[in-house]
Each structure stands twice: as C-alpha cells, then as structure tokens.
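Data block below; observations after.
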C-alpha cells in the first residue's frame, strides 16, 4: 500500500529511524524526518534515499514545525520526538516538560493541515509502580509521578481530546523496553553488552531483582506497519512489548554467557526514583498485529552481536555528521 507523505519526528532516534527504514521499502512513500539531534544521530538515517528528506528542527518550537507542516500536506504523522534516557530525563526535568509544547504543536498543525492519523510514542512509564499484572491499556491504573511519565500521560490526553473536539484520529503506542543494533549505549542491553565485550564491570542498580521485558526492534516495527497499513487500532492504545519478564541480574548473567565475558557484576546503590520493581505488558493487541511469535531475548541478542563488527568495540556513540543547518541538509539532499 503506497502512502504519499509521512512525517516522523525524532527521526534520528533508534525506534523512529528503524521505522523510517521500513517505510522506505515502499517506493511510493515519501518520508520527512525531523530531529533536533539532542539524542538522535544522523548516521541512523538513510540520507541517500531519494524519497527521504531530513530537516534539523525542534518540534517544540512552533515556527520550526509550522513551516514544515504547512509546506507539505502529510497524510500521517509519527510523533516520536522526546527527551529520552533515564539519566537525562531525571537530570533535566524542565527539558522533559518542554516536550508538552511539541505535542500540542503537532496536534494543532495536524488538525489544520488534514493529517489522517497521528501515531504517538507513549511509554510503559505511564503505569508508574504497577498494581496489577499484566499491565492492561485500560484496566491498569496509571500511576505517573516522574516528569517523563507525566508528559507521556498528558500527551495521551491531548490526542484523545483532539479526537473528541476535532475528529483527529490517533493511535497511542505504549512502548516497553525495545532493543536492537541501533540503540544507544545509555540503555540497559546496549550498556551491558558494551561492558561485557570490553570485559569491564557491569553495573547494576540495587540487587538486580527488578524485572523488565525486552522486545526486539523488528517486532515493534512489524506491529507498527501492520497498524498503519491495515488501519488497525484507530483511536486506541496499544502496549508494544514482550510479555516475558527477566530480572536485571539474570539479564547481566545472560549477556556475560553469550559474550564469553570475564566482566564482574557490581551492585551499586539503587536509583532514588524511577526504577520500577516490575514491568509486564498485556500485549494481546500487539500479538494481533503480528503474524509471528515475538523473537526470544537470547535470539535478539545474537542478532545484535552479528550486526556489530569488531570495529564497533568499544561501542560508543558516533558523532553526528557536520550538518548544522536546515539549509545545508536540503542542499545535500539536492546534490
């Protein structure tokens, strides 16, 4: 199914850049990615693709975004731009709260420019410290306390309100831990792999008994594409993640085993806030979107290790290419 024009915000990030790669497999899709490159990297994006354009801009600034959305009539918007990373979101709460402006900007401009549906990257963080398992989209109470979770919760309320008052369609994805080769090393699997491959200490906050579930990026994108192309879960909320829990300590030991690492596991003081004891989604809707089983964690880690090469170790974030302005980016695309 060919889709004319799609805007992806935060396009230089891990999940959105992976989504762009898949969308570009359909030559009839024209993709515009917007990112301020705070936590995204230009090397994540297919800059040479003829049906792709990257613009460095901040969606939290009305003037930046309005010039993009009024000059191109987008059919669909994936609003994935956000301040991410545990340390950054805890250290810079005001920066996190500023993302509310971007959410409102996206929705006002989508309403005014004829966008058919807005897809929003929410988070498992909206559940806070959960009170039931598995965590269901509508029966599990939301217990958001940290700014990052509050912004995602407010974002969900904005989408529902714009639909109620203006008829703007939406789909909310609540992402649980997603991992893959492009993921930055500030996230747990990449962080542990990076340490293990260098035989450095693997640091665990607290005793490591806290559980997480891990979804391989291809499963996330498969479900997203099905939701888009088949018009599924319009004006609905979808948990995106695996239901299989593993403790952080067991994850560290698994990674040590798979890499043959001599790293020591070192327990450091627990985080003061934000490190929930358990997470486990009710992923019934995601499974409905997929036509295959979710990839097991061990198989996903093997795929990452095959994707990385020796020159990638130690794994570090590659510096952004020296593209600093919207004009330079557009000139590069025209060459």
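The values are calculated or read from the model by the stated rules, or taken from the named source; none is laboratory data. All values reported here derive from a predicted model rather than from experimental measurement. All Cβ positions, even for glycine, are placed from backbone atoms using ideal geometry, and neighbour counts span all protein chains on display.
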Can you find even one residue in region 66-75 that is touching a strand residue (DSSP E or B) at 6+ places or on another chain (Cβ under 9 Å) and under 18 Å from residue 172 (Cα atoms)? yes
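Matching residues to (1) farther than 23 Å from residue 57 by Cα; (2) surrounded by fewer than 20 Cβ atoms within 10 Å (Cβ to Cβ):
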position	(1), (2)
74	no, no
101	no, yes
119	no, no
136	yes, yes
143	yes, yes
Tell me which of these residue 25 doesn't satisfy, since it passes every other one: (1) part of a loop (DSSP other than H, G, I, E, B); (2) surrounded by fewer than 19 Cβ atoms within 10 Å (Cβ to Cβ); (3) in contact with a helix residue (DSSP H, G or I) (Cβ under 8 Å, 6 or more places away or on another chain). (3)
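Check region 70-91 and report whether any residue there is free of Cβ contacts under 8 Å to residues at least 24 places away in the same chain and within 13 Å of residue 151 (Cβ to Cβ). Spell out the reasoning first.
Step one: list which residues in region 70-91 are free of Cβ contacts under 8 Å to residues at least 24 places away in the same chain, which gives 71, 91.
If we keep only those that are within 13 Å of residue 151 (Cβ to Cβ) too, we end up with none.
Checked against the condition, which is being free of Cβ contacts under 8 Å to residues at least 24 places away in the same chain and within 13 Å of residue 151 (Cβ to Cβ), region 70-91 yields no hits at all.
Given the structure, is residue 211 surrounded by fewer than 20 Cβ atoms within 10 Å (Cβ to Cβ), in contact with a strand residue (DSSP E or B) (Cβ under 7 Å, 6 or more places away or on another chain) and farther than 15 Å from residue 267 by Cα?
Values: surrounded by fewer than 20 Cβ atoms within 10 Å (Cβ to Cβ): yes; in contact with a strand residue (DSSP E or B) (Cβ under 7 Å, 6 or more places away or on another chain): yes; farther than 15 Å from residue 267 by Cα: yes.
Criteria met by residue 211.
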For strands (runs of 3 or more DSSP E) lying entirely in region 210-303, having 3 or more residues that are in contact (Cβ under 8 Å) with a residue 12 or more places away in the chain and within 17 Å of residue 78 (Cβ to Cβ) picks out 236-240
How many of the residues making up region 28-76 are at pLDDT below 95, touching a helix residue (DSSP H, G or I) at 6+ places or on another chain (Cβ under 8 Å) and under 14 Å from residue 4 (Cβ atoms)? 1
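Looking at the structure I just gave you, is residue 229 buried (at least 20 other Cβ atoms within 10 Å of the Cβ) and more than 18 Å from residue 128 (Cβ to Cβ)?
Values: buried (at least 20 other Cβ atoms within 10 Å of the Cβ): no; more than 18 Å from residue 128 (Cβ to Cβ): yes.
So residue 229 does not fit the description; no.
Would you check if residue 54 is within 21 Å of the chain's Cα centre (by Cα), in contact (Cβ under 8 Å) with a residue 60 or more places away in the chain, crowded, with 22+ Cβ neighbours inside 10 Å and farther than 18 Å from residue 173 by Cβ?
On the way: within 21 Å of the chain's Cα centre (by Cα): yes; in contact (Cβ under 8 Å) with a residue 60 or more places away in the chain: yes; crowded, with 22+ Cβ neighbours inside 10 Å: yes; farther than 18 Å from residue 173 by Cβ: yes.
So residue 54 passes the test.
When the residues of region 28-51 are narrowed to those that are assigned to a loop (DSSP other than H, G, I, E, B) and within 15 Å of the chain's Cα centre (by Cα), which ends up farthest from residue 83 (Cα to Cα)? Steps first, answer last, please.
First pass over region 28-51, keeping only residues assigned to a loop (DSSP other than H, G, I, E, B): 28-29, 36-41, 45-51.
Checking which are within 15 Å of the chain's Cα centre (by Cα) leaves us with 37-41, 45.
Working: 37: 11, 38: 8, 39: 7, 40: 10, 41: 14, 45: 19 Å.
Per the stated criteria, the residue is 45.
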